[in-house]
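Before any comments, here is the structure.
The values are calculated or read from the model by the stated rules, or taken from the named source; none is laboratory data. In this text, all values refer to a predicted model and were calculated from it rather than measured experimentally. Every residue, glycine among them, receives a Cβ derived from its backbone with ideal geometry; neighbour counts consider all protein chains shown.
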Amino acid sequence: GQNIDQPTEMTATEGAIVQINCTYQTSGFNGLFWYQQHAGEAPTFLSYNVLDGLEEKGRFSSFLSRSKGYSYLLLKELQMKDSASYLCAVTRGSTLGRLYFGRGTQLTVWP
Amino acid sequence: SAVISQKPSRDICQRGTSLTIQCQVDSQVTMMFWYRQQPGQSLTLIATANQGSEATYESGFVIDKFPISRPNLTFSTLTVSNMSPEDSSIYLCSVDQIDRGFSETQYFGPGTRLLVL
């Protein structure tokens, strides 16, 4: 099975930086996805990490440490529209489309 | 990026009935995936749908309850059978694609919001 853990809620202010952590214990680990989901909408792809290290995409960066079973999503220059649920998901084995999700972190950005 | 559509977008059903959800993709994909998101929860994988073979179900999900069809490389259906209020969820289909940079991306459809009374 898989055990994926992330904080339930986080708050931050506009313009700030926030780091959302995700830890996992998964057999046959392949890679880790981060998704953003606004209320009532489908998840939107943010990043996919397979190798250790940091990947930067504009205001969002994602980090993976395979040896530690740890990832984080870093959001810079927060905007009100970043208020959403952020989902961490792992893939296992050779079928890359099978994702196993954590419970999600609800981020609220205050003015 | 893949464009995924689902029908219906939402429905209200009576317990004991069945609903078939359709998923259409604008490009050919080898595998399609069905997920469920119960109220206030994260997503749970139901099954993987391959063209030309039976779907592969995750633990806790069975074919009799969630029969899946995959008649071609752009289309799949998920049926929620003999529904009960516990089946009230958002049902999403998903595909994975390799973009031009050879990086993996997983796309989700808009979801079907099901309420069972």
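Yes/no per residue for (1) surrounded by 15 or more Cβ atoms within 10 Å (Cβ to Cβ); (2) farther than 17 Å from A:L99 by Cα; (3) of a type in the set (S, T, Y):
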position: B:D26; (1), (2), (3): no, yes, no
position: B:V29; (1), (2), (3): yes, no, no
position: B:F33; (1), (2), (3): yes, no, no
position: B:R36; (1), (2), (3): yes, no, no
position: B:A49; (1), (2), (3): yes, no, no
position: B:P67; (1), (2), (3): yes, yes, no
position: B:N72; (1), (2), (3): no, yes, no
position: B:S84; (1), (2), (3): no, yes, yes
position: B:S88; (1), (2), (3): yes, yes, yes
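Among the residues in the stretch B:76-86, are any within 14 Å of chain A (Cβ to nearest Cβ) and touching a Ser or Thr at 6+ places or on another chain (Cβ under 6 Å)?
no
Anything in the stretch B:1-32 that is farther than 21 Å from B:E86 by Cα and among the hydrophobic types (A, V, I, L, M, F, W, C)? List them, or say none.
B:A2, B:V3, B:I4, B:C23, B:V25, B:V29, B:M31, B:M32
Which residues, counting only those in the stretch A:4-29, are in a strand (DSSP E or B) and either farther than 26 Å from A:R92 by Cα or modelled with pLDDT under 90 (or both)?
A:E9, A:M10, A:T11, A:A12, A:T13, A:V18, A:T26
Got a number for residues in the stretch B:53-65 being surrounded by 11 or more Cβ atoms within 10 Å (Cβ to Cβ) and among the polar types (S, T, N, Q)?
1
Of the numbered conditions (1) closer than 14 Å to B:G109 by Cα; (2) at pLDDT below 95; (3) within 11 Å of chain A (Cβ to nearest Cβ), B:D26 fails exactly one; give the number of that condition.
(3)
Can you name the residue in the stretch B:5-22 that is part of a strand (DSSP E or B) and away from chain A (no Cβ under 12 Å) and is also surrounded by the most Cβ atoms within 10 Å (Cβ to Cβ) among such residues?
B:I21
Take the stretch B:50-59 and flag every residue that is touching a strand residue (DSSP E or B) at 6+ places or on another chain (Cβ under 9 Å) and either over 17 Å from A:T91 (Cβ atoms) or among the polar types (S, T, N, Q) (or both).
Hits for the stretch B:50-59 are B:N50, B:Q51, B:G52, B:S53, B:E54, B:A55, B:T56, B:Y57.
Could you say which residue among A:Q25, A:Q36 is away from every other protein chain (no Cβ under 11 Å) and surrounded by fewer than 16 Cβ atoms within 10 Å (Cβ to Cβ)?
A:Q25
Looking at the stretch B:38-47, which of its residues are touching a strand residue (DSSP E or B) at 6+ places or on another chain (Cβ under 8 Å) and surrounded by fewer than 20 Cβ atoms within 10 Å (Cβ to Cβ)?
Within the stretch B:38-47, B:Q38, B:P39, B:T44 meet the criteria.
Among the residues of the stretch A:26-59, how many are in contact with a Phe, Trp or Tyr (Cβ under 8 Å, 6 or more places away or on another chain) and either aliphatic (A, V, I, L, M) or on the phi < 0 side of the Ramachandran plot (or both)?
The total comes to 18.
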